[in-house]
Amino acid sequence: MSQQPSQARIVIVGGGIIGCSTAYHLAKLGCPDVLLLERAKLTSGSTHHAAGLVGQLRTSAGITQLLGHSVALYRSIEAETGLATGWKMNGGLRLACTRERMIELERQATTAHSFGLEMHLLTPSEARELWPLMRIDDLVGAAFLPTDGQANPSDITLALAKGARMHGATLLEDCAVTGVEVRDGRAVAVTTGEGRIACEVVVNCCGQWARELGRLAGVNVPLVSIQHQYMITEPIAGVTADLPTLRDPDRLTYYKEEVGGLVMGGYEPDPLAWAVEGIPEGFHFTLLDSNWDQFEQLMAQALPRVPALEAAGVKQLLNGPESFTPDGNFILGEAPEVAGYFVGAGFNAFGIASGGGAGRALAEWILAGEPPYDLWPVDIRRFGRPHDEIDWVRARTHEMYAKHYTIAWPHEEHASSRPYRRSPLYDDLAAAGACFGEKLGWERPNWFAPGGVAPRDEYSFGRPNWFPHVGEEHRAVRERVGVFDQTSFAKYVMKGPDAERALSWICANDVTRDPGTVVYTQLLNSRGGIECDLTVARLDDDRYYIVTGTGFATHDFHWIRSHVQAGMAVDLTDVTEQYSVIAVFGPRSRELLCGLTDDDLRNDAFPYGSVREIRVADAPVTALRVTYVGELGWELHTPVEHAREVYRAVMTAGRAHGVAPCGYRAIESLRLEKGYRAWGTDLTPDHSPLHAGLGFAVKLGSNAPFLGREALDEQRRNGLARRLACFTTDDNDALLLGRETIYRNGERVGWLTSAGYGYTVDKSIGYGYVRNPAGVDRKFLQSGTYELEVANRRVPAAIHFGALHDPRNERIRA
Ligand SMILES: Cc1cc2nc3c(=O)[nH]c(=O)nc-3n(C[C@H](O)[C@H](O)[C@H](O)COP(=O)(O)OP(=O)(O)OC[C@H]3O[C@@H](n4cnc5c(N)ncnc54)[C@H](O)[C@@H]3O)c2cc1C
């Protein structure tokens, strides 16, 4: 290897489909000086043994868009490079053997329509017309997505590699990266056997080796290798080149045509780990031994579906390891630990489907310094403390693999690696009948089972078993007082002489107000999109306490820290584990708390939107008068060692006021009625506060500069092409869960970003952006007649302006 340069602007490590696609897109976008280093030969990792199915539909609009970019690229890359890719757009069939699975398909069809994809529901015989070899006696129905397809993974990768070179990138083989140099928290060079290469950006595209490479720089890439098998048959009569890909989830298997025969693989419920002690040296273009014993269970499922397999000759049972992650999504973006260190790895056996789009997204992210669109489901900053522990990661990843083809129930929780992080109130909550859910390792009560009821979720596409109990909690908060354990909130302290100046630049709302105030604010990217949605409590002139959602702990910390302007003297610390949060909400919350404190909780002394250091049950408490449920109340932030005494005192004193312990599902119902938005669904990097109806929380009235301001000013000048609106339906059979399509005057204009049931208004409620390229204003919204498509069925819907509950905020200011 003598061609190795001593420097490059961007070094990509790994020559599989992801590395080659990233190099291609960076070079095509005009980025000079892109260098890809592959330790063996291009495509010698998982890429060479992929089956090559390319599906597109996911539950996130952003990831579906990314997969659509792959398809568009695979259609055109052959013409650009002259290399064949084996791309065929034969469509994808998905089968349902039960009524429940059919409902899932109906909901997926609606999701597809929401995201602009065609997807048709078929009867069993219509499905067989597309796939004549299958038996259909156990089928309830099927769905067909005509733009899905299949490709030859190695050929696509080599076409991308050629395209990358054509646009000026350098790709070197037989060149292993052995070290990554980090200086002052930034990646500055990589080392290989040939020496050092100085660079500005390192991109880790090492597939199942990515965790190992990450460790060299102190970056956590939480993935593990699992064995994945598929069988390749000799030609079978009746298998034609235009056969769609087929997924048969109730029978755990998938199929595609290959050289007149079939590829058949699947996801078994007892996956086999691989390379637990580390990936062996020299594992390139290598396969594992065929494991017929393990594959037998999939074969037993496949034979009744495709009887021709019985007599078919078997060319090979291919066993290839692949990297899988704890939530089944891949890992993209800048590592929170090291600036300039990007990751594109962990593709969960859909790296070929994702490759084109993921490489493009990663390239744009590297060049712009922020994700090009909402990529939160795959953002590396979605991970947190549990993901540092390999045993936790392995157990959860195996659970996800085993559930690959099980029905994805609404509100489904994971079972593995639990309990992991427990609030100090855990035992008290369990004793009170809590049914826990889990977020970022934290156990959190979803709902409380009354005496005689088991605290256990029974999943369903209809009204679930917890429905009435959550209703009781909801009513307790609206009518009396409810108590929530919100200890898992992420909490940071920003301190220092420049804290006000630093936050003023990062926050869209005015955080220069006096100590004692709490400000609800969004943090925006340069497009004006919402990167974080949180509260900032000013405790002192130079000290702020920042509170955000549990799942955003790593993401929001990283966003804030990396946007503090150079030269500012501030210190940001994560204090999540130091404080418990006991939230007391409801019309009787003041009466309740007044019995436990000598501090003045009346409006004059403690108005809405303020923070005070008080004592409750003799414990120190930072009390924030805010609400996410739309009632009078306080969040009591107390050091963890005092949490139990405060909680017990509140619950004991609360008896006289009809107090109820409440969970996160009640919060969801309460906030939907009040119109409070949720980050990750209603609020994303794709939407600005103006789109989201949060203009009241932005300091556009002042001249203060802040990140994202220019984009908002432009939106104000040019008008908005979408706005978030609230919908309800009176059709009680139409269960709104999110992603339902919105129709205005019969035309598709968007989809619901979040939805649920409001017990006070006694209706299903959903929020979603109404889009119109020519502009969306109040008149446009008001003048439409609306319907929602729910599980492939349209129901009439009403649009609302203002909150459904307490629109004048009288209750929260009581
Ligand atoms: C049996 C099987 C079936 C599959 N079927 C499908 C399918 O139907 N559809 C689909 O979309 N996906 C499928 N996949 C998944 C797909 O193969 C992968 O997701 C995809 O190939 C991952 O690409 P990658 O570039 O991330 O990783 P890889 O292809 O593994 O590439 C990583 C590269 O990094 C190199 N590398 C590692 N360490 C270093 C270092 N230190 N220095 C330099 N180079 C290094 C390796 O040599 C390797 O070439 C399947 C996978 C398997 C195993």
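The values are calculated or read from the model by the stated rules, or taken from the named source; none is laboratory data. It should be emphasised that the depicted structure is a prediction, and the values quoted were computed from it without experimental measurement. FYI the Cβ positions are ideal-geometry reconstructions off the backbone, even for glycines, and counts take in every protein chain you see. These area figures cover heavy atoms from the full protein model, side chains too; ligands, DNA and RNA do not enter into them. Shrake-Rupley method; radii C 1.70, N 1.55, O 1.52, S 1.80 Å.
Quick notes on this one:
- With N the number of residues in the stretch 662-814, Rg(Cα) / (2.2 N^0.38 Å) evaluates to 1.07.
- The stretch 118-245 - Rg and Dmax from Cα coordinates, angstrom: 23.0, 64
- Lys/Arg +1, Asp/Glu -1 at C-beta; the chain dipole; positive extreme among Ala490, Gly52, Phe342: Ala490
- Fraction of antiparallel bridges per DSSP, the chain only, in percent to nearest 5: 85
- In the stretch 492-567, taking the dipole from charged Cβ atoms about the Cα centre, the farthest positive-side position among Ser526, Trp505, Val536 is held by Ser526.
- Relative to one another, the C-alpha centroids of the stretch 269-319 and the stretch 601-625 are positioned 61 Å apart.
- Its Cα centre serving as origin, the stretch 187-276 has a Cβ charge dipole (Lys and Arg +1, Asp and Glu -1) of approximately 400 debye.
- 17 Å tail of the calculated P(r), the stretch 488-532, as % of Cα pairs: 37
- Centroid-to-centroid separation of the stretch 233-251 and the stretch 19-58 [C-alpha atoms, Å]: 28
- 0 to 90° range, to nearest 10: angle between helix 153-166 axis and the chain longest Cα axis: 80
- The stretch 304-383 - Rg over Rh from alpha carbon coordinates, Kirkwood radius: 1.19
- For the stretch 456-535, size of Cβ-based charge dipole, Lys and Arg +1, Asp and Glu -1, in debye: 40
- The stretch 459-571: C-alpha gyration tensor shape, a/c 1.5 cut-off, then a/b vs b/c: prolate
- Taking all C-alpha pairs of the stretch 423-503, those more than 16 Å from each other amount to 63 percent.
- Carbon plus sulfur fraction of accessible area for the chain, probe 1.4 Å, in percent: 48
- Ranking Trp274, Ser669, Ala198 by how far each Cα lies toward the positive end of the dipole of the chain (charges on Cβ) leaves Ser669 at the top.
- Listed by chain and number, the lysines whose C-alpha is less than 22 Å from the C-alpha of Lys491, apart from same-chain residues fewer than 8 away, are Lys439.
- Area of Asp379 that stays accessible when all protein chains are in place (1.4 Å probe, Å², to 10): 10
- In terms of its Cα atoms, the stretch 617-722 spans 56, 29, 21 Å along the principal axes, sorted from long to short.
- Overall Cα dimensions of the chain, principal axis frame, Å, largest first: 80, 64, 53
- Cβ-Cβ FRET estimate between Leu287 and Ala79, R0 fixed at 30 Å, reported to 0.05: 0.40
- FRET efficiency, Asp600 to Leu539 (Cβ-Cβ, R0 30 Å, nearest 0.05): 0.95
- The lysines within cross-link reach of Lys674, meaning a Cα-to-Cα straight distance under 22 Å and a gap of 8 or more places when in the same chain, are Lys763.
- Cα pair distances of the stretch 383-527 binned at 10 Å [whole percent]: 9, 26, 27, 25, 12, 1
- Cα centroid of the stretch 182-221 to Cα centroid of the stretch 484-539, whole Å: 33
- Coil-residue GluC sites (Glu not before Pro) of the stretch 292-358, DSSP, other Cβ within 10 Å capped at 15: none
- Efficiency of FRET between Asn703 and Tyr420 - r from beta-carbon atoms, R0 45 angstrom, step 0.05: 0.40
- Packing-based order for 633-646, 456-469, using average beta carbon neighbours within 10 Å, highest first: 633-646, 456-469
- Checked against a 23 Å cut-off, the cross-linked pairs Lys28/Lys162; Lys41/Lys162; Lys699/Lys779; Lys256/Lys315; Lys256/Lys403 give Cα-Cα distances beyond that limit for Lys699/Lys779.
- For the peptides 4-10, 542-548, the ranking by mean Cβ contacts within 10 Å, running from highest to lowest, is 542-548, 4-10.
- Only Lys, Arg (+1) and Asp, Glu (-1) charged, at Cβ; the stretch 270-339 dipole about Cα centre in debye: 420
- The chymotrypsin sites (Phe, Trp or Tyr not before Pro) of the stretch 773-812 that meet both conditions, a loop assignment by DSSP and at most 13 other Cβ atoms within 10 Å of the site Cβ, are Phe801.
- Sparse-neighbour loop sites [trypsin sites (Lys or Arg not before Pro); the stretch 589-637; at most 15 other C-beta within 10 Å; DSSP]: Arg602
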